[in-house]
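Below is one structure; the comments refer to it alone.
The values are calculated or read from the model by the stated rules, or taken from the named source; none is laboratory data. In this text the structure is predicted, and so the values were computed from the model without any measurement. Using ideal geometry, Cβ is built from the backbone for each residue, glycine included, and neighbour counts are taken over all protein chains shown. Ligands, DNA and RNA are stripped out before the accessible areas are found, and what is left, the full protein with its side chains, is counted by its heavy atoms. Shrake-Rupley method; radii C 1.70, N 1.55, O 1.52, S 1.80 Å.
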Amino acid sequence: MALRFLDGFDHYAIPADIGKKWTAHNDIGSASGMTLTSGRRAGSNALWIRYYTDYVSLTLDSQPIWILGFACQLSGNDTQDVIRFYDGDGALQAAADLNSSGMIRLYRGATPVAAAASPVPTGSWNYLEFRLSVADAGGVFEARLNEQVIASFTGDTKQTGQAGVSRIQLQGRSGKIAFDDLYICDGTGAANNAYLGDCRVDALLPTGPGTYAEWTPQGVAANWDNVNDAAPDSDATYNHAAAIGARDSYALADLPAVAGPVFGLQLSLCARKDDAGSRMMRGLLRSGGADDEGAAILAPGTDYRFHRQIWETNPATGTAWTQGQINALEAGCKITA
């Protein structure tokens with residue numbers, strides 16, 4: 001698998017629910033803290049980080065190659081980092097900043113290695129992408145703006161004692177920056193191991209019952225209606241189950257009409273357990289009349305968090321998703337232990 005994470009910032013409250021999806025974050029709060037703002041499409045949201053010490057970070061397994069992209073809107077310019085890459089010990093491997101003229105600059109650790117010749121425009125949405133390959137020699141650190149390379153370095157990209165990165169951090173700026181339509185890929189697998197280009201990430205919420213309703217509803221009589229909130233409402237409405245094998249599935253909203261490929265589907269389950277002992281669950285997809293539980297077993301703790309699983313291809317066909325298949329999909333969950 002190469003597609004590792006998606007976020008369109010449309011299915012949870014910010015900053016209240018940041019910790020449910022991201023590994024760590026810092027929020028100064030008050031009028032200068034992070035918040036939601038309008039996304040780059042009508043009715044969508046974006047993450048607005050308004051102070052330079054604030055950030056959201058995601059910890060994954062260590063990989064030597066990472067490729068990621070996001071839409072960004074700058075409200076002004078100052079000299080601050082926009083993204084940082086850390087190794088497993090928390091040491092800075094690489095970073096990119098935007099200077100006071102809006103130019104992207106690339107760093108190995110704190111050492112500058114490349115810079116763009118033209119600025120990222122302010123006041124409009126633009127798409128930034130980065131590729132980092134960590135190596136003593138022949139490594140690559142590159143930035144693209146709207147699918148055009150604007151800064152690139154080839155050579156020694158290994159700053160720390162580890163030949164990889166396991167934490168990726170989106171950084172705030174005093175000049176303010178908003179993020180939308182984020183993807184993160186690693187360099188493994190046969191697909192999604194290179195730039196995806198300017199992408200959109202759409203959140204599809206439950207709209208009706210699916211094939212299975214084996215969990216017990218709490219709050220509203222219909223299972224699907226307990227989990228269709230744009231932002232999780234914790235214990236106000238939810239579904240619960242204890243029996244191994246219990247399944248719930250829901251019909252989803254249709255994907256907006258788009259041109260181009262569907263790179264993958266990320267199922268985000270906001271879940272917790274309510275007592276001591278181990279409980280395990282899997283995400284559940286139903287496509288073409290067949291169930292697929294995915295490969296990952298999810299072990300929720302006692303606090304609500306988003307537990308993610310990604311399907312890059314349709315398990316019913318083994319090929320890339322089509323829009324029609326997404327629209328006919330059911331998604332849900334199953335208790336496995």
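Could we say that ALA251 is surrounded by fewer than 17 Cβ atoms within 10 Å (Cβ to Cβ) and either in a strand (DSSP E or B) or modelled with pLDDT of 95 or more (or both) here? No, not satisfied.
When restricted to residues that are small (Gly, Ala, Ser) and within 22 Å of ALA194 (Cβ to Cβ), the stretch 105-141 contains 7. ARG167 falls short of the stated requirement of being in a strand (DSSP E or B) and either farther than 12 Å from GLN93 by Cβ or open to solvent by less than 10 Å² (accessible area, probe 1.4 Å) (or both). Answer with yes or no whether LEU252 is of a type outside the set (Ser, Thr, Tyr) and closer than 26 Å to ILE18 by Cβ. So LEU252 fits the description; yes.
In the stretch 96-117, the count of residues that are touching a strand residue (DSSP E or B) at 6+ places or on another chain (Cβ under 6 Å), within 16 Å of PHE179 (Cβ to Cβ) and of a type in the set (Phe, Trp, Tyr) is zero.
Regarding the stretch 30-53, can at least one residue be identified that is free of Cβ contacts under 8 Å to residues at least 60 places away in the same chain and crowded, with 20+ Cβ neighbours inside 10 Å? No - not one qualifying residue is present in the stretch 30-53. When the stretch 120-139 is filtered for residues that are over 29 Å from TRP48 (Cα atoms) and either in contact with an Asp or Glu (Cβ under 6 Å, 6 or more places away or on another chain) or surrounded by fewer than 20 Cβ atoms within 10 Å (Cβ to Cβ) (or both), the ones remaining, listed by number, are ALA135, ASP136, ALA137, GLY138. Surrounded by fewer than 20 Cβ atoms within 10 Å (Cβ to Cβ), of a type outside the set (S, T, N, Q) and in a strand (DSSP E or B) - does that describe any residue in the stretch 191-209? Yes: one or more hits. Scanning the stretch 277-292 for residues that are closer than 24 Å to TYR12 by Cβ, of a type outside the set (A, V, I, L, M) and outside any strand (DSSP E or B) yields one hit, ARG279. The strands (runs of 3 or more DSSP E) located wholly in the stretch 72-111 include none with 1 or more residues which are open to solvent by less than 50 Å² (accessible area, probe 1.4 Å), touching a helix residue (DSSP H, G or I) at 6+ places or on another chain (Cβ under 7 Å) and closer than 27 Å to TRP125 by Cα. One residue is enough: does the stretch 7-25 have a residue meeting the conditions open to solvent by 50 Å² or more (accessible area, probe 1.4 Å), part of a strand (DSSP E or B) and on the phi < 0 side of the Ramachandran plot? The answer is yes; a qualifying residue exists. When every residue of the stretch 278-290 is checked against the conditions, none turns out to be within 30 Å of GLU147 (Cα to Cα) and touching a strand residue (DSSP E or B) at 6+ places or on another chain (Cβ under 8 Å). Please work out which residue is farthest from THR211 (Cα to Cα), limiting yourself to the stretch 298-337 and to residues that are open to solvent by 50 Å² or more (accessible area, probe 1.4 Å), in a strand (DSSP E or B) and out of contact with any Pro (no Cβ under 9 Å at 6 or more places or on another chain). The extreme case among them is ARG305. Contact map, the stretch 62-82: residues that are over 19 Å from ILE184 (Cβ atoms) and among the small types (Gly, Ala, Ser) paired with residues that are open to solvent by less than 30 Å² (accessible area, probe 1.4 Å) and in a strand (DSSP E or B), Cβ distance under 8 Å, separation 6+ or inter-chain. Pairs shown: SER75/ILE177; SER75/ALA178. The single residue among ALA143, ALA178, ALA231 that is of a type outside the set (Val, Ile, Thr) and not in a strand (DSSP E or B) turns out to be ALA231.
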